[in-house]
Structure formats: C-alpha cells, structure tokens
Amino acid sequence: MANKLNAETELQAELTKHKARAKRLEQVVRSLSATKKQQNALFRIVDLANSSNSLPAFYFELHKIVSELTLAKSFFIMLLHPEGDFVSFPYYKDDEDEQQKGREPLYNPTKKIPKEKLAGTATMKVIEERNLLHLNRVGFENMTVTGRVPEDWIGVPLIIEGQLLGALIVQSYDEGFRYDKRDEELLVYVSQHIATSLKRKQDAESLKEAHKKLQNHNRELEVRVAGRTEELKKINITLANEAKERRKSEKIQKALFKITDLVSTARNLNDLFVGVHQTISELMYANNAFIALLSEDKSQLEFPYFVDQYDERPGNIELALDGPQFEQGLTTQTLISGKSLLYNSSEGPAQNQVGAEAVSWLGVPLKDKKDVFGVIVIQSYDLEQVYEQQHLSLLETVAHQVSTAILRKKDSDALMKAHEHLERRVKERTSVLEKTIANRRKIEKRLEHESLHDSLTLLPNRRYLSEELNIVLKGKVTGQSCDVALLFLDLDRFKIINDSLGHHIGDLFLIEVAKILKNCMREDDKIVRLGGDEFCILMYDIYSVKIVVTLAERVLNKLRKPVVVGQHSLITSASIGVRLATIGEDSSDRVIGDADSAMYQAKHGGKDRYCLFDANVRKIITQRLKIEQDLRVAIGTEQLTLYYQPVIDLFSHRVVGLEALIRWQHPELGFIGPAEFIPIAEETGLIQELGESVVSMACETLSEFSKIIELKELYININISAMQILTRTLDNFIRKEIAKYGIDPNNLNAEITESILVEDFNAAILFVQELKSIGMKVLLDDFGTGYSSLSYLHQFPFDIIKLDQSFIQLTDENEKLVGMIESIGFLVSSLGMDIVVEGIETESQLELAQNLNCRYGQGYLFAKPMPKTEVLTFIKTC
C-alpha cells in the first residue's frame, strides 16, 4: 500500500514537471512567434522604404505595420523641419476623428506649425528630452492638451546617428486599456528601424528631386549652350546700354521734378504747357506736340496748347461719344478708351486723321484718378523719327506727372480767382459797413459808445452784452422752451497768427473776422467782441434750435475760407459754444459762463465745430480745469516720464533707435493719455515747459545709455509740436541740455509734423536749420496725413521721413497704397533720405515693408513703448 502511494506521488510530481515544461515551451513558441512577427515587420519597413512611391504612401503602410505589432488605431508622426523652429504632422490618424465623421483633422499634413504653439505638450516633451515618454490619463494633467485626453499614450523619438528627425506617437481612447513594457520596448526597437527607413526614404525623395533638377539643369544647359553666341551678343548690348539707361533714368527723374516745380513757377496754364513741352523735348523727339482737354461739360475737346510744323491750332471738336469707334480720330480714340496709343504709318493709314498725316504718333490719356480729362500727344513727320514702345512708356511716365501738374495748376488758379472774388466782396461789404457805422456814430453819444463798444473792431463789448442780456432775460415771459441764444466763439489759430506775424497783422485779422461774422448774422442779431479772439453772437426770438445750428454752421463754413490781410492769406477756424436761454429763468452771467464752457468743449473735441451746452459740459470743463492745474504741478516731477518705442532695422532686426513718448501717471486719476493732456498744454501755453522737460529727460537717458555698451549707439527721437517751434526758444534750450549732459548731438533727433510746414513755412525752415547746425537729425513725422506736398521734401533738409501708420495698416483694404508707398520710397531714396514705416503690427505688414525696400520700421509687432529700465533687457532678447 505504501509503495502504491509513493508511486502515485512520484507520478503526480512528474506530471507537474511536464506541465511546467509545456508552459515554458508555449511561452518560447509565443516569443519566437512574436520575434518572428517583429522581424517580419522590420523587413517590411525596410522594404517599404524602397517600394513605396511617395512619403504619404510610406506613412500609410507604416501605420498598418505598427498596428499589427500593437494597438495603434490612433497613430501619428511629427517631423522637425530644417529651420528648427517649425514642425509638421505629415501623417496624423486619430481614432477620435474617425469616430466623429466630418470632423476636421487636428493637424493639416501640409502645414508647418511653429514649435512654440505646441509648447507644453507631451509630443514636444519627447522632442526636447529625446527619450521615450509613456503617459496615462493622469499623466496628462500637467500637460497642454489639444483635443480629447487619451487613456494611454506612448511617444518615441525618431533618432538616427544622433540626428533627431521627429517623434512617433501611438495612443488609445479605449477605457481601461494600458500599453505595457513590451509595447515600450517594441516601439523603441521599431522606431530605430523606422527612423532609418524614414531617413532613407527622405534621402531618396531628395535624391529623386535633385536628379529631376539635374535633368532640368542639363536641358537648360543644352539650350544655353545652343544659344550662347546670341546670348553673348545680348550681354554686350546690355552692358553697353546699362550706362545709357542709368543716364536716361536720371534724366527722367529730373524732368519729373521740373514738371512738379512748374506748378508753382508757371504764371498760367499756357506757361505750364510750354514748360512741359520743353521738358518732354529733352527726353525724346517732340517738335510737334499738343494737349487736348475735355470742356467743363465734357461735350467738346479743346486744344489749349498746340505746336505743329504743318498745322495750326484746330477748333474745338464735338465729341460723338455714342458713335462707332472707326469714326473717331486717334486723339478721341485715346480719350474715350482711356488707353495709350502708338501709331506708325507703316501699319497703314490712320482712320479719320485730321490735318497732315503723321509718320509716327504717340497719345497718352491724362487722368484724375480713373477719370480721363485730356490727352497729351507728340507726333513726327520725319521718317527718321519713328516712335517705339519705349517712347510710349516714357510718355506715360511723364503724363502721370503732367496730369497732376495740370490739376494742381487749375486748382491754384481757381483758388486765386476765388480769393480775388472774396477780396472784392469784402471791400464792397466794408464800404457798406463804414457808411453804417458813420451814421450810427452821429446818433450815439461818444462816451456811451466807447464804454459799450470795442475800439478795434467797433463791435459791442462785454459790458454791452451783459447789460443787453440782462434786459432780455428780465423781459416778459413767453412760455417758450427757449427765447434767446448766445454763441460764444473763439478763433482756433489766432495765437499762431499773432505770434508769428505780429500784433498789427493780428489786429487787422480780427477786424476782418468781425466783418465775416457780421455778414453771417440775421438782421436783428447782435455780434460782440469780448476781447482777444473771443466773440459772441446774441440771437433773439428763437423758436427752434435749428435756427441757431444753421447760423453756427454758416459761421464755421465762412471762417474756413482764407482771410486776406495785406499780403497774407490767413487760414483760420472757430470753436463755438451755444447756450439756449429762457426769459425769467436764467441770468446773464450764467448764460455767458455756460456758453464759454461749451466753447471749450468744442475746442477740446477737435476745434472747427460747435457744441450745445448741456448738463455734462460743465462737468467735463471742470475735469479739464483740474487736469490743467494738476499738469502745472506735474511738470518737472516723477509723475511725467518718458517711455521708449524701438525703431528697428527691418532687414537685420537690430534696434537702431528709440522714439520718446511722454506718459503721465496721475496720483488720483491714474494713467492719463497724451491725447488728453497735450492739447490742454498747447492751449494753455504749458507745452513750452512740457517740451523742455521732455528734452531734459531724453538727454539724461542718452547720458545714461552712453555708459552701457549695448545702448551707447542708440539714438532717441523727441516729438516737437508746432507751438514749440513758433516760440523760437526751444533750439537754444536744446543746445544747453546737450552741453549740460555732455551727449553726442547725433544721437538726439527731432520729429516735427507736417502741420508746421503749412502754419509757418519760414519759422519751420529756420528751426530745422538751427537743429541741423547743432548736429541733430530732423525727421518729418506722420508723412501723408493730409498736408503732404512732395515739394516740401525738396525744400527742407530732412534726414528721415516717417510714413504715417495709416498707409501700412490699410494696404489690405486699398491695394493702391502699396504703389503709393513704393513711389514715396523711391522719391525719398532719390533725395538721399531714409524712410521709417510706422504702425507695423503684423508679419504680413513687415513682409510688405521689406518687399518695398523700406529700411526701418516701428510698431507693436516689435515692441510697445517701454520705460528706459526695460530697454537693455529688450535689446538683449532681440
């Protein structure tokens, strides 16, 4: 029995050993099967690199192979681009996208993505650490995630011979699924072969492309060799003509400038046409030339200028605009089509040609924007003088300038006639007023008159207004919502006129303004001069606000026209405050004060406008008075400081300078923008002290920068207003500050706006010359904002032109601005000046400025204004 039990025990032990050996054998078989499967996959990957027709096909088949080794329904490959700052996803298959039909893939295979957009993602971590990364849902809590969070995720870098190509990613959204250690090892092992195959496939693609380029190159080389003799001839001709073309370009540029100057030098249109003809004759054969212009009603074609060796000036031509084209002559064809025309007699006889038949004929339309208003023509009767396409192109270039010159000359002549007409009207009205005043003086007592009237303009004064208004407001109550209206008027530009031209001209100007205002009034209304450049108009029997508004608008329109005083044609405008008053409810002092407040609000709103007094005006004026008082205290303190916006070399991306911009940190009101306190400073005269404070702070900053290697080469631009220039003291203060801080004047630049060139040309040019004598550079700021004239660029020694930000920011809406910027850049460059493009905010605007060969720029794309303490840090990070 015992032996039987031992035998069974031994048999059981042997059976257990046999099961263990069978299990190990099964594991070995599975391992060998997996190994074989893995090896088979690797062979297929290697073969795939050679057999696939394209990289997309390679990625697709690669996905299928990896899916056979592990769960890879969601599989993608990310590649680094040679530039280093971009990545792409040439293959992206996501199970989440497959389940949601119609959903756009997360990444476009053809799109390059900046690396910073993927910062913080698991994929970028694989790239940065160059190691395998295995994350489950919890592991993604500290990661940036685009799309749905997977249940499990493995990322493996693709590296060959130390070169990082990209990363291979597999992920699963299946709940509870986890990749194991075997999957990690498998993917690491497979990734090495994938990297090798991918590199080989990329190299093969590159080799195929290079081979294709080589074949194309060989074909091109054969063509070049076949035509080498002819090409050498052309090269010789090109070299010979190069100097000729350069001289021709300079000659054309000189001609364009000469035509521009004719606008101001020609006494009349005929002189302009003679000058244009002489200028064209310097560029090409033009013994016979004429200019044809449309009549005012566009029914006839007139010939204001006609020079021909055979024909006399023709009469006006009636335009049959509805007639068939073949009935029209060459001139009318050009006019109606709006296209240039080149005709040579070798092409056959011209249809409907009037007069002697020309051997060669050139006609170019004259245009105002898109509207054709005339034609310029040159023609030849000489067989040796035949025009070609190059002559047509040249005449088209000149015609554009001629069009502008004609339109400007016409406008100038029309304005002169208007001035003459206005002067006649003023003289006529003056005569009437003098007679009226003489009659009234005989009736009124002299003492009463002097106490109630202004001695300069002979208008009623403040006392008269106060007494008259008191009488009216204490009259019989009418029950109307308003009975009278007071218009308080202040001239916007009188201080500039008075300071620049003297008090005598200022007095004469006020007299003329008084006359204009009197012409605007109703018969029973009263005009009053309060003093200085302040006037009031008292209106009676007001039954509608519209009556008051109509008068205010009439006054504004009249004052916008030039006022002729002696030899000066002065431009002014007005700010008008309007107060409506009711009998029995208001006092004269309150009405005058409220009208005064409304006037200041109109002035603050942009001048050249009126403002009706309401409940908010007093509050706004009180706030402005507080800002004025606080600004007086703030000047010279730490409340006012300078911020600096970098000026960038658009091609080297190097900071070359800074624009100084003043900032005010009010202790109670917080930040107050320059647009709010600069106009107040100009109105109150504080702009002089404020400007000197800016100069001092800028010089102090330059002194500090001169001790820092990275900053000592930078320049600083300071903005100078028209009022500062007209005071004619700022240049001396700048000299003192430069000496005080011991700075290089070449590093301190001045920016002036175009408005001063219009307000006082002589003062502006004297100021610019003074700054240039110090050694400073002068910039024309906000070029193109409304006053621009190309003639200013010739007459002022500007170093740099700052193109207003509206040009670059509106190029997407108006393609014509691109051509305009290019033209301005060409002109500025030809005058030896540099150009700075302001307001660059996008990469496309930067690229446009670079393509237009604009050297410098500034804008929020590069940096916002910053305190001087941050400038060094900014430059180090550029």
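Restricting to the stretch 735-772, and then to whatever is β-branched (V, I, T) and closer than 15 Å to I687 by Cβ, can you tell me which residue is most open to solvent (accessible area, probe 1.4 Å)?
T753
Please state which of the following conditions P157 fails to meet, knowing it meets all the rest: (1) open to solvent by 30 Å² or more (accessible area, probe 1.4 Å); (2) modelled with pLDDT of 90 or more.
Failing condition for P157: (1).
If we keep just the residues of the stretch 328-359 that are assigned to a loop (DSSP other than H, G, I, E, B), under 24 Å from V372 (Cα atoms) and open to solvent by 50 Å² or more (accessible area, probe 1.4 Å), which is modelled with the highest pLDDT?
Selected residue: K339.
Residues being among the hydrophobic types (A, V, I, L, M, F, W, C), open to solvent by 10 Å² or more (accessible area, probe 1.4 Å) and either within 15 Å of Q163 (Cα to Cα) or free of Cβ contacts under 8 Å to residues at least 60 places away in the same chain (or both): count how many of those fall in the stretch 62-87.
Here the count works out to 3.
Among the candidates S573, S587, single out the residue that is of a type in the set (S, T, Y) and within 13 Å of L469 (Cβ to Cβ).
S587
So, of the residues in the stretch 288-301 that are among the polar types (S, T, N, Q) and modelled with pLDDT under 90, which turns out to be farthest from E312 (Cα to Cα)?
Applying the filter and picking the extreme gives S299.
What single numbered condition from (1) at pLDDT below 90; (2) surrounded by fewer than 20 Cβ atoms within 10 Å (Cβ to Cβ); (3) closer than 18 Å to I680 by Cα fails to hold for K603?
If we test K603 against (1) at pLDDT below 90; (2) surrounded by fewer than 20 Cβ atoms within 10 Å (Cβ to Cβ); (3) closer than 18 Å to I680 by Cα, just (2) comes out false.
Restricting the search to the stretch 360-403, which residues are open to solvent by 30 Å² or more (accessible area, probe 1.4 Å), polar (S, T, N, Q) and touching a helix residue (DSSP H, G or I) at 6+ places or on another chain (Cβ under 9 Å)?
Of everything in the stretch 360-403, those that are open to solvent by 30 Å² or more (accessible area, probe 1.4 Å), polar (S, T, N, Q) and touching a helix residue (DSSP H, G or I) at 6+ places or on another chain (Cβ under 9 Å) turn out to be T397, Q401.
Restricting to the stretch 802-851, what's the tally of residues that are part of a helix (DSSP H, G or I) and either at pLDDT 85 or above or within 12 Å of the chain's Cα centre (by Cα) (or both)?
Looking only at that region, the number is 18.
Based on this model, can you work out whether L508 counts as part of a helix (DSSP H, G or I), in contact with a Gly (Cβ under 8 Å, 6 or more places away or on another chain) and at pLDDT 90 or above?
Yes, satisfied.
Applying the selection to the stretch 375-426, what residues are in a helix (DSSP H, G or I) and charged (D, E, K, R)?
E396, R408, K409, K410, D411, D413, K417, E420, E423, R424, R425
Looking at the stretch 684-707, can you tell me whether even one residue there is open to solvent by 40 Å² or more (accessible area, probe 1.4 Å) and within 24 Å of I621 (Cα to Cα)?
Within the stretch 684-707, one or more residues are open to solvent by 40 Å² or more (accessible area, probe 1.4 Å) and within 24 Å of I621 (Cα to Cα).
Scan (1) in contact with a Ser or Thr (Cβ under 9 Å, 6 or more places away or on another chain); (2) open to solvent by 10 Å² or more (accessible area, probe 1.4 Å); (3) not in a loop (DSSP other than H, G, I, E, B) for the single condition Q202 breaks and write down its number.
Going through (1) in contact with a Ser or Thr (Cβ under 9 Å, 6 or more places away or on another chain); (2) open to solvent by 10 Å² or more (accessible area, probe 1.4 Å); (3) not in a loop (DSSP other than H, G, I, E, B) one by one, Q202 breaks only (1).
I need the full set of residues from the stretch 540-566 which are closer than 30 Å to I505 by Cβ and modelled with pLDDT under 85, in order please.
Selection gives G566 alone.
Across the stretch 262-287, what is the total count of residues that are farther than 17 Å from E396 by Cβ, open to solvent by less than 40 Å² (accessible area, probe 1.4 Å) and not in a helix (DSSP H, G or I)?
The total comes to 1.
The values are calculated or read from the model by the stated rules, or taken from the named source; none is laboratory data. Since this is a predicted model, take the numbers as computed values, not measurements. A quick note on method: Cβ atoms are made from the backbone with ideal geometry, for glycine too, and the neighbour counts reach across all protein chains shown. Just so you know, the surface numbers come from the protein's heavy atoms only, side chains and all, with ligands and any DNA or RNA stripped out. Shrake-Rupley method; radii C 1.70, N 1.55, O 1.52, S 1.80 Å.
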